[in-house]
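I have placed the structure first, in the form of structure tokens, so that the comments after it can refer back to it.
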Amino acid sequence: MATAIAISVLLALLAIDLIVRVNYARIVLSTFDTKPPFNVARVLPDPQAERISFPSTNGLTLHGSVHRPAHRTARGVILFCPELDGSHWLVTTYCEGLIQAGFVLVAFDFRNQGESGHLPGYEPNHWLTRYEIDDAVSALEWIEAHPELSQLPLGVMGVSRGSTAALYVAAHYPHVLAVCCDGAYSISLLTFHFVSRWASIYMPRWLEPFVPEWHFRSTGAIVRRLSAWRRQCEYVVIESSLTRLRRCPTLLIAGQRDNYVPMEIGRELVRRMRSPLAKLLVVPKAKHNRARQVEPGLYDEAIVEHFEQILPEQTAGSRSSSLVTSSASQRLISAESIDAA
């Protein structure tokens with residue numbers, strides 16, 4: 001009799017927990033699906049750039065541009081993945097230092113963004129889906145098919161949502177030799193951050209200390225599934241791919257004043273890579289995607305030195321010998337130091 005009562009009480013508690021969790025997820029869902037008010041810069045087309053187009057999945061054509069260094073032999077090629085609502089012309093805003101250092105930058109617009117083709121029924125937001133992965137892979141395949149660019153060492157750089165795509169393709173595409181990300185995050189880490197942050201809005205404060213971490217994480221998973229079903233898309237969780245970057249030099253850039261992606265997210269991403277080649281550069285006073293505006297010299301130095309690692313030793317030049325002593329290198333945070341902290 002006592003056992004039956006205990007089982008009944010347990011089932012009742014589980015039912016109440018499920019009802020509360022689903023209701024909380026339903027309330028959070030509207031915020032989860034709402035695009036943050038990013039202040040994306042508008043950049044005029046570069047008349048010196050080469051316009052390109054190439055096919056992606058779902059019969060779409062993507063558009064972009066190729067930016068070559070002036071009066072220099074190309075040393076390497078970097079694929080640039082722009083932020084949500086950003087244009088491929090933003091590549092010079094973030095990567096001018098790379099172009100001046102002799103790298104070719106290939107930039108493109110994701111589907112339903114900028115000049116690229118529109119997929120009916122799909123409304124992009126700040127979360128990475130399989131569609132953006134398909135587009136980034138299509139851009140890499142265009143580079144691999146190019147008679148000139150396919151002969152150059154290959155790297156990938158992304159900004160904000162473009163960073164998540166960059167990390168994923170760098171982990172899965174064998175020809176990518178290095179990756180750099182500005183304002184990187186993952187859907188599961190950032191969902192957990194905001195679900196736990198919103199908890200005081202949707203539940204009594206006295207109850208929060210009694211809610212275990214796994215409860216917030218499972219609620220976040222419910223929110224993701226509800227959102228994917230409603231938007232008819234497939235979200236991509238990159239955490240399972242991070243350890244595949246162990247042999248790929250990875251640089252994450254985070255703004256200390258980033259109110260959307262806390263720099264702790266970048267620290268956790270680097271920690272999960274568990275690689276001596278993974279580094280984090282924190283830029284004080286910088287907000288989301290504004291690190292180069294705050295410290296342009298440091299920013300350019302850091303990304304140039306990072307991508308010079310993909311160059312053959314004989315073409316890397318004298319800068320390679322100064323990697324350990326440069327101001328940018330001295331401010332990098334490694335996975336080992338994060339674990340030690």
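Within the bounds of region 129-136, is there any residue that is part of a helix (DSSP H, G or I), assigned by TED's automatic domain parsing to the domain that holds Cys81, free of Cβ contacts under 8 Å to residues at least 60 places away in the same chain and not acidic (Asp, Glu)?
Within region 129-136 (the criterion being part of a helix (DSSP H, G or I), assigned by TED's automatic domain parsing to the domain that holds Cys81, free of Cβ contacts under 8 Å to residues at least 60 places away in the same chain and not acidic (Asp, Glu)), the answer is yes, since at least one residue qualifies.
Being in a loop (DSSP other than H, G, I, E, B), in contact (Cβ under 8 Å) with a residue 40 or more places away in the chain and in contact with a strand residue (DSSP E or B) (Cβ under 8 Å, 6 or more places away or on another chain) is the filter; apply it to region 89-118 and report the residue that is surrounded by the most Cβ atoms within 10 Å (Cβ to Cβ).
Here the residue is Phe110.
Looking at Arg257, Arg225, Arg230, which is the one that is out of contact with any Cys (no Cβ under 9 Å at 6 or more places or on another chain) and not in a helix (DSSP H, G or I)? Steps first, please.
Numbers: Arg225 fails: not in a helix (DSSP H, G or I); Arg230 fails: not in a helix (DSSP H, G or I).
Residue meeting the stated conditions: Arg257.
Which pairs have Cβ atoms under 9 Å, sit 6 or more apart or on different chains, and link a residue in region 277-294 that is in contact (Cβ under 8 Å) with a residue 60 or more places away in the chain to one that is part of a strand (DSSP E or B) and aromatic (Phe, Trp, Tyr)?
So the pair list comes out empty.
So that you can scan it fast, the table gives a plain yes or no per residue for (1) in contact with a Leu (Cβ under 9 Å, 6 or more places away or on another chain); (2) exposed (fewer than 12 other Cβ atoms within 10 Å of the Cβ):
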site: Lys35; (1), (2): yes, no
site: Asn39; (1), (2): no, yes
site: Pro45; (1), (2): no, no
site: Arg51; (1), (2): no, no
site: Thr61; (1), (2): no, no
site: His67; (1), (2): yes, no
site: His71; (1), (2): no, yes
site: Gly76; (1), (2): yes, no
site: Cys81; (1), (2): no, no
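Please list, ordered by first then second residue, the pairs with beta carbon atoms under 8 Å, 6 or more apart or interchain, first in region 60-76 and part of a loop (DSSP other than H, G, I, E, B), second of a type in the set (Ser, Thr, Tyr) and surrounded by 13 or more Cβ atoms within 10 Å (Cβ to Cβ).
Close Cβ pairs (under 8 Å, with a partner that is of a type in the set (Ser, Thr, Tyr) and surrounded by 13 or more Cβ atoms within 10 Å (Cβ to Cβ)) amount to Leu60/Ser116; Arg75/Thr315.
Within region 119-128, how many residues are touching a residue at least 12 places away in the same chain (Cβ under 8 Å) and surrounded by fewer than 21 Cβ atoms within 10 Å (Cβ to Cβ)? Walk me through how you get there before you give the answer.
First pass over region 119-128, keeping only residues touching a residue at least 12 places away in the same chain (Cβ under 8 Å): 119, 121-128.
In the following step, the residues that additionally are surrounded by fewer than 21 Cβ atoms within 10 Å (Cβ to Cβ) were identified as 119, 121-125.
Of the residues in region 119-128, 6 are touching a residue at least 12 places away in the same chain (Cβ under 8 Å) and surrounded by fewer than 21 Cβ atoms within 10 Å (Cβ to Cβ).
Whether any residue in region 149-156 is touching a Gly at 6+ places or on another chain (Cβ under 6 Å) and either under 30 Å from Thr34 (Cβ atoms) or part of a loop (DSSP other than H, G, I, E, B) (or both) is what I want to check. Step through it out loud before you land on a result.
So in region 149-156, the residues touching a Gly at 6+ places or on another chain (Cβ under 6 Å) come out as 152-153.
This time we only want the ones that are either under 30 Å from Thr34 (Cβ atoms) or part of a loop (DSSP other than H, G, I, E, B) (or both), so: 152-153.
Within region 149-156, one or more residues are touching a Gly at 6+ places or on another chain (Cβ under 6 Å) and either under 30 Å from Thr34 (Cβ atoms) or part of a loop (DSSP other than H, G, I, E, B) (or both).
Just checking, does region 139-148 include any residue being assigned by TED's automatic domain parsing to the domain that holds Leu60, at negative phi and under 16 Å from the mean Cα position of the chain (by Cα)?
No, because not a single residue in region 139-148 is assigned by TED's automatic domain parsing to the domain that holds Leu60, at negative phi and under 16 Å from the mean Cα position of the chain (by Cα).
Sort out which residues of region 54-81 are in contact with a helix residue (DSSP H, G or I) (Cβ under 9 Å, 6 or more places away or on another chain) and closer than 16 Å to Asp134 by Cβ, and write them in order of number.
The answer is Phe54, Pro55, Ser56, Thr57, Asn58, Leu60, Leu62, His63, Gly64, Leu79, Cys81.
For region 194-221, which positions are surrounded by fewer than 19 Cβ atoms within 10 Å (Cβ to Cβ), of a type outside the set (D, E, K, R) and at pLDDT 70 or above?
Result: Phe194, Ser218, Ala221.
I'm checking my understanding of the structure. Among residues of region 170-192 that are in contact with a strand residue (DSSP E or B) (Cβ under 6 Å, 6 or more places away or on another chain) and in a helix (DSSP H, G or I), which one is surrounded by the most Cβ atoms within 10 Å (Cβ to Cβ)?
This residue is Ala170.
The conditions are (1) modelled with pLDDT of 95 or more; (2) outside any helix (DSSP H, G or I); (3) buried (at least 22 other Cβ atoms within 10 Å of the Cβ), and Gly86 fails exactly one of them. Which is it?
The one condition Gly86 does not meet is (1).
Looking at this structure, is Gly317 assigned by TED's automatic domain parsing to the domain that holds Leu149 and either touching a Ser or Thr at 6+ places or on another chain (Cβ under 9 Å) or modelled with pLDDT of 90 or more (or both)?
The answer is no for Gly317.
The values are calculated or read from the model by the stated rules, or taken from the named source; none is laboratory data. This one's a predicted model, so the numbers in the text were calculated from it and none came from an experiment. Neighbour counts are summed over all protein chains in view; Cβ atoms, including those assigned to glycine, are modelled from backbone coordinates with ideal geometry.
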